[in-house]
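Have a look at the structure below before the remarks.
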Amino acid sequence: MPAYTGPPAHRPTGIVGPLAAAAAGACLLGLNETQTANAIALAANTVSGFNQWAHTGGSEMYFHIGFAAANSLKAVLLAQAGAFASPSALDGEAGLFAAHGKRAAADDVQLFSGSPEIMAVYHKPVPACNFAQTATQAALALARTGACAAEHIRAISIRVPAAGAAYPGCDYSGPYAHALQAKMSIQYNVVSALLSGSLSEANFDTLDDARMQQLLALTQLVVDDEMTQAYPGQQGGEVAVTLADGSRHAKRLSNVVNASAEEVRQRFNVAVQAVAGDSVAAAIKALIEQLDSSTDAGLLAASLSLKKA
């Protein structure tokens, strides 16, 4: 069977989540080297998580992490109880890498070299797909100039790297049956930023808004060669708006601007206070801030069930 070469069919969370969580669980339970290897190998047999949800707005994405956590726990407990799994479950001729057509890549894995890759994770400024981030930030910058009033817009051109345009659900102008479809759509995020002048969750409450539909019909997504060559080191994005008088206004960003820690805290406060109230939000925030030194992570889970006073 030829290797699949289209847009990514698997979501990374479903593939690496069980392995990473199994390794962490084995460490927490004090498993020895053999038991830990067995736990990781068993977890490798549970990996899953497809990207079809991105096309339809399905809720599978939300459960990928849960599936990974549940499967890793089973794998760790089985290994602790003495279960044996293939030492070559990852790099063997029919192992995890081979199953995804990447067996040769297993030879390039260097354990514990350099800084942990998780430290390169950034907080999204836009509550949407990674590939919608930079173009949406460019659209927000245009909106804040006040020069691109919706009623005067006649065309919107969005330029992104090829990886962004090809990712499932990203190049989609509607109609949107679910908020997740809009969150994946680069076009939707750009237009919502132009209309609202913000990057808030409220942008996804306007799926059927008439002005949104009008502007989406005027939008074109274009693959930019320069951005494609710079990716993944940089993730560029550009939005150009043509107005009724023929004038053109454009904003190009060479890379996404990460959300700061303070911005993340502010968004957390707004979201949790609306659901649970100020006092509960403060209690949950305190538990999160102290999580790295906590001896009972279950306290955080329990706090999430607290009700608004």
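The values are calculated or read from the model by the stated rules, or taken from the named source; none is laboratory data. Just so it is clear, the structure is predicted and the values come from calculations on it, not from any experiment. Cβ placement follows ideal geometry from the backbone for every residue including glycine, while neighbour counts extend to all protein chains displayed.
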Self-check item: Complete set of residues in region 17-35 that are assigned to a loop (DSSP other than H, G, I, E, B) and in contact with a helix residue (DSSP H, G or I) (Cβ under 8 Å, 6 or more places away or on another chain)
Solution: L29, L31
Quiz item: Within region 36-45, which residues are in a helix (DSSP H, G or I) and surrounded by fewer than 17 Cβ atoms within 10 Å (Cβ to Cβ)?
Solution: none
Quiz item: Looking only at helices (runs of 4 or more DSSP H) that fall completely inside region 197-292, which ones have 2 or more residues that are farther than 21 Å from C129 by Cβ and outside the structural domain of A177 (by TED's automatic domain parsing)?
Solution: 261-276, 278-289
Exercise. Scan region 46-85 for residues that are at pLDDT 95 or above, in a loop (DSSP other than H, G, I, E, B) and surrounded by fewer than 18 Cβ atoms within 10 Å (Cβ to Cβ) and report the count.
Key: 4
Quiz item: S59 fails exactly one of the following numbered conditions: (1) out of contact with any Pro (no Cβ under 6 Å at 6 or more places or on another chain); (2) without any contact (Cβ under 8 Å) to a residue 60 or more places away in the chain. What is the number of that condition?
Solution: (2)
Self-check item: Residue, farthest from V223 (Cα to Cα), within region 139-162, restricted to residues that are out of contact with any strand residue (DSSP E or B) (no Cβ under 6 Å at 6 or more places or on another chain) and not in a loop (DSSP other than H, G, I, E, B)
Solution: E151
Quiz item: How many residues does region 219-243 contain that are touching a strand residue (DSSP E or B) at 6+ places or on another chain (Cβ under 6 Å) and surrounded by fewer than 16 Cβ atoms within 10 Å (Cβ to Cβ)?
Solution: 2
Exercise. Output the residues belonging to region 251-263 that are surrounded by 14 or more Cβ atoms within 10 Å (Cβ to Cβ) and among the aliphatic types (A, V, I, L, M).
Key: L253, V256, A259
Quiz item: List the pairs whose first member sits in region 248-260 and is β-branched (V, I, T), whose second member is modelled with pLDDT of 95 or more and in a strand (DSSP E or B), and whose Cβ atoms are under 9 Å apart, counting only residues at least 6 apart or on separate chains?
Solution: V256/G237
Exercise. Read through the list (1) surrounded by 13 or more Cβ atoms within 10 Å (Cβ to Cβ); (2) at positive phi, then give the number of the only condition that G246 fails.
Key: (1)
